[in-house]
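Take a look at the structure set out below.
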Amino acid sequence: MKKQWRVGIIGATGMVGQRFVLLLANHPWFKVTCLAASKRSAGQTYHSALDGRWRMEEEMPANIAQMSIHDANDIDAIAPLVDFVFCAVSLEKNETRELEEAYARAGVPVVSNNSACRGLEDVPMIIPEINADHLAAIEKQKERLGGKGGFIVVKPNCSIQSYVPALHPLRYFGIEKISVCTYQAISGAGKSFETWPEMVDNVIPYIGGEEEKSEQEPLKVWGQMYDGVIQNAQTPLISAQCLRVPVTDGHMAAVSVSFRNKPTKEQILECWQEDVRTLPQELQLPSAASPYLKYFEENNRPQTKLDRNLSNGMGISIGRLREDKIFDYRFVCLSHNTLRGAAGGAVETAELLCKLNYIKGEKES
Ligand code: NAP
């Protein structure tokens, strides 16, 4: 007897939604039972709604192509079809929060890629390898949302997902200051070179809201549980610059860091060993990365094109660790923004929630 969970994808036609479709089409635990998007797509089959808009290299899975799309606002119709939903929609923040809370109030757990609820102290913002203990805040949130059993868990912004996993094991040495510059792919804006031709042969030194998120979100991920909610960490001090660069997928980050107790280079490399095991590996979650962290000795690695798919796009590639003249050390790291940074990270978070019994599924023989 094994368990299976019925899953909805809200925003299924978008860039992140399409990634969800690929990741879930043959998932061992999850079965897609509902697709939803805006009124514009509702009523059409997934295949016809995406005519000319399918942006993945892989083919659209045949078992999903013929499913018809629901209006995401028709929660009464969707709730009985699912055990939980993934949500990735392009709406105003207040509208997104309203939509996600409406699902939660209807008793449907929401695993969200959107930023609308990230700042709330009772909404866990999870990187499964780092802060699964924050899931305890779900109890307080359920009380706020009316106790039907639904809740919202979010994943952090894609920009922080290469450098926070690399820095996390170094917190033991007391990280005091971080300066980071991110080089972010165009898929992070839901775009391709066809839909954003201005990005060919170009760099744009501004991504709205990204630097604030990059400086603030790590402090929530590194926060502590206090009185049933998450209290943000006060340190380290983080300064971020975020640039849009002409690559399809993969966010790179150049990091400089100072410590209270400066480690040796060997101590840092020990923290980044390939056989590092974290909770997802211990629990054998289907999306657990192996390796989770990989350090490249070559001076010209990691490279976006060569290394973004490490561990099915869930691994963090690191390289070029060296001493810095202003900070203690500097290095470069890379992760796949729509896998580790978006849909893949959300799927792994959902696996964690299911494994830890926060989401109930159905028994299947
Ligand atoms: P996208 O490609 O623009 O897709 C947006 C989705 O939202 C589509 O399915 C769209 O449906 C749906 N939608 C639009 N208006 C709606 C409405 N009024 N009601 C219900 N659904 C509506 O956006 P995306 O890049 O996938 O991003 C989605 C979310 O994920 C955003 O919050 C973004 O910040 C976040 N995110 C993206 C990335 C990334 O790498 N792209 C990474 C992390 C987080 P229609 O097709 O019917 O219009």
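Tabulated values for the structure
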{"item": "Conditions (1) free of Cβ contacts under 8 Å to residues at least 12 places away in the same chain; (2) of a type in the set (Asp, Glu); (3) crowded, with 17+ Cβ neighbours inside 10 Å: number failed by Glu101", "result": "(1)"}
{"item": "So His134, is it within 17 Å of the chain's Cα centre (by Cα), away from the ligand (no atom under 14 Å from the Cβ), open to solvent by 10 Å² or more (accessible area, probe 1.4 Å) and closer than 28 Å to Ser258 by Cβ", "result": "no"}
{"item": "Of all residues making up segment 220-245, the number that are over 22 Å from Val180 (Cβ atoms) and in contact (Cβ under 8 Å) with a residue 60 or more places away in the chain", "result": "5"}
{"item": "Selection from segment 316-339 of residues that are touching a residue at least 12 places away in the same chain (Cβ under 8 Å), in a loop (DSSP other than H, G, I, E, B) and farther than 16 Å from Lys294 by Cα", "result": "Asp324, Ile326, Phe327, Asp328, Asn337, Thr338"}
{"item": "One residue from Glu211, Glu217 being closer than 30 Å to Cys354 by Cβ and either surrounded by 18 or more Cβ atoms within 10 Å (Cβ to Cβ) or free of Cβ contacts under 8 Å to residues at least 12 places away in the same chain (or both)", "result": "Glu217"}
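The values are calculated or read from the model by the stated rules, or taken from the named source; none is laboratory data. Small disclaimer: the values here were computed from a predicted structure and weren't measured. For neighbour counting, all protein chains shown are included, and Cβ atoms are generated from backbone atoms with ideal geometry for every residue, glycine included. Protein only, heavy atoms only, side chains kept; ligands, DNA and RNA dropped before computing areas. Shrake-Rupley method; radii C 1.70, N 1.55, O 1.52, S 1.80 Å.
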